[in-house]
Amino acid sequence: MTKPLNVGMIGYGFMGRTHSNAYRKAPNFFDLPYKPVLKTICGLEEKEAKAFADRWGYESYVTDWRKVIDDKSIDVVDICVPNNYHAEIAIAAAEAGKMIICEKPLARTAAEAEPMVQAVEKAGVANLVSFNYRRVPAVTLAKKLIDEGRLGKIFHYRANFLQDWTISSQVPQGGMATWRLDVKAAGSGVTGDLLAHCIDTAMWHNGPISAVCGMTETFVKQRMHAETGKVEPVGIDDACTFFCRFDNGSLGNFESTRYARGHKALYTFEINGENASIAWDLHDLHRLSYFDHRDDSIVRGWRSVHVTDGDMPYMGKWWVPGLQIGYEHSFVHQVADFLENAAKGQPTSPTFREALATQKVCDAVLASAKAGKWETIKY
Ligand code: SOE
C-alpha cells in the first residue's frame, strides 16, 4: 500500500521548481513506498506563492515558514530558500519531527551547519542535502567503476564548474534572483554554490579531503544591492581555485568561476587511476569517457560509454535503451532514493552529516585563500 506523504515546500524559486517537479514525477516512474502529496508551498510574496501553488498543484500556500513547521499534517519539509535561512528552518523542522530535504550548501559555514546536524540526529529524522549531480546516471556509474576497483590506485581527481553570468558589474547583489552574490545570504560565492557540488561528488567518489590550498578573487568589488538600492562592497568570491590532498594519497585540482565567458554551467571531472581513467562533462551528461590501460593495445583508447541502457544506474526506470534523460531527473532520483530509504529507516546520502564534511572543506578553502597557506581539515 502506497502511503501519502505530505510535502511542505519552502521557497518557490529555481530550486523550488526542481524539487516540486521531482515530487510530481518520482511516483510515475519509480515504485515508491510513499506517494508525495504537494500540500503547502511557502514563499514571501503572497501573489507569487499562490501562482506557484496553482501552477504546480500545491493544495495551499502560506507566506510564513513557521506555518509549515506547525502544520502537523506535513511529513517532509523541503528547504529551497537562500542559505541564510537553512539553519533556522531545518532545526525547527527537525524539532517538529519532520523529514527534511535541504538545498545545498547545507549552511553558510560549518559552524552554522553543526547544530543542524545535531538537530536531525537528535530527532532521528530522515535528512538529505540536495547535491543532485551524484544522481546523474553517468556520475553514479563512475562511483560504481571506482568502487569495483577498475581504476586501481587513484592518483588525480580534477573538477571544474564554470559559469559566466556575473561578469557585468550591473548585475546586482541581494534580492530574489541575485541573492547568491550577497555574502550575508549566501555565505560565500562560487565556493559554496558551485565548488560544493564538485567537493561533494569528489569525496563520494574518492574519499575524504585532508588538506587544501586555495586562491580566490572578487573581480567586481562593488555592486548595487537589490534591496537597499545602494552600491555596497561585494563580500563573495567570484572565482576560486584550489589544490588538495585526499586521504588515499591522491591529488585534487578544482576550479570554479562565474567569469568564464562562454560557459553557463560547465561541470566536468576527470579521475586518473593506475589502470584506468574516467571523465565526465555535464553538457553531455549521458556520456562517461573511460580509458582502460589493460585493453589490448591494438584497440586501446578512450571509450565513450553512453549511459542509457536499462542496466545503467536509474535508467531502467525511464524510457527504452538509448533514449535520454537530463538535469531535472537527478532531482527525481534524489526524491525516489530518499523516499525508498526513509520507508526502510535508512539514511540517504549525502546526509546532513556528510554535507557538513563538504562544508568544512569549503571553509578550509576560503580560510586558506585568505591566509595564503595550506589548511588541514578535521572532521
Ligand atoms: C548557480 O547559478 C547554480 O544555479 C547553482 O546554485 C546550482 O547549485 C548549480 O547546479 C547550477 O548553478
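Read-outs: derived from the displayed coordinates by stated rules, not from any lab. What you see is a predicted model, and the numbers here were worked out from it, not measured in a lab. Heads up, the Cβs are rebuilt from the backbone with ideal geometry, glycines too, and the neighbour counts pull from every protein chain shown.
The figures follow:
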read-out: Dipole moment magnitude, nearest 20 debye, the chain about Cα centre, only Lys, Arg, Asp, Glu C-beta charged; value: 60 debye
read-out: The stretch 3-132: relative contact order in percent, alpha carbon pairs under 8 Å with at least 6 residues between; value: 23 percent
read-out: The stretch 156-257: trypsin sites (Lys or Arg not before Pro) in DSSP loop, at most 14 other beta carbons within 10 Å; value: Lys221, Lys230
read-out: Integer Hz, Karplus 6.51/-1.76/1.60 couplings in order for the stretch 365-379, x for Gly and Pro; value: 4, 5, 5, 5, 4, 5, 7, x, 8, 5, 10, 9, 10, 9, 9
read-out: Trypsin sites (Lys or Arg not before Pro) within the stretch 108-154: DSSP coil, no more than 16 neighbouring Cβ in 10 Å; value: Arg150, Lys153
read-out: Taking the chain and dividing mean pair separation by its residue count, relative contact order in percent (alpha carbons under 8 Å, at least six apart); value: 20 percent
read-out: Under 14 Å, Cβ to Cβ, from Thr268 - net charge with Lys/Arg +1 and Asp/Glu -1; value: -1
read-out: Ser349-Leu266 pseudo-label distance in nm [points 7 Å out on the Cα-to-Cβ vector]; value: 3.0 nm
read-out: ³J(HN,Hα), Karplus 6.51/-1.76/1.60, whole Hz, each residue of the stretch 132-140, x for Gly, Pro; value: 5, 5, 3, 9, 6, x, 5, 6, 5
read-out: Taking only Cα atoms of the stretch 217-373, radius of gyration then Dmax in Å; value: 20.5, 65
read-out: Estimated Rh, the chain: Kirkwood, alpha-carbon pairs, angstrom; value: 21.5 Å
read-out: Given charges at beta-carbon only (K, R positive; D, E negative), |dipole| of the stretch 3-132 in Debye; value: 400 debye
read-out: Under-5 Å amide H pairs with Gly252, H placed in peptide plane, nonlocal only; value: Tyr157, Cys244, Arg245, Phe246
read-out: P(r) weight above 25 Å for the stretch 3-132, C-alpha pairs, percent; value: 18 percent
read-out: GluC sites (Glu not before Pro) lying in DSSP loop within the stretch 210-290, provided at most 15 other Cβ fall within 10 Å; value: Glu227, Glu274
read-out: Helix-only [θ]222 nm of the chain, DSSP H runs n ≥ 4, -39500 (n - 2.57) each, per residue, nearest 500; value: -10000 deg cm²/dmol
read-out: Student exercise, the stretch 58-156 dipole from Lys, Arg, Asp, Glu Cβ charges, in Debye to nearest 20; value: 600 debye
read-out: Set Lys104/Lys144; Lys25/Lys104; Lys144/Lys373 screened for pairs whose C-alpha atoms are more than 26 Å apart; value: Lys144/Lys373
read-out: Rh by Kirkwood over Cα pairs, then Stokes-Einstein D for the stretch 112-240 at 1.567 mPa s and 4 °C, µm²/s; value: 75 µm²/s
read-out: Centre separation in Å (Cα based) which lies between the stretch 13-42 and the stretch 71-89; value: 15 Å
read-out: Whichever lysines have a C-alpha closer than 18 Å to that of Lys221, once near sequence neighbours (fewer than 8 apart) are set aside; value: Lys184, Lys230, Lys370
read-out: Distant-in-sequence amide H partners of Thr348 (H built 1.01 Å from N, under 5 Å); value: Asn127
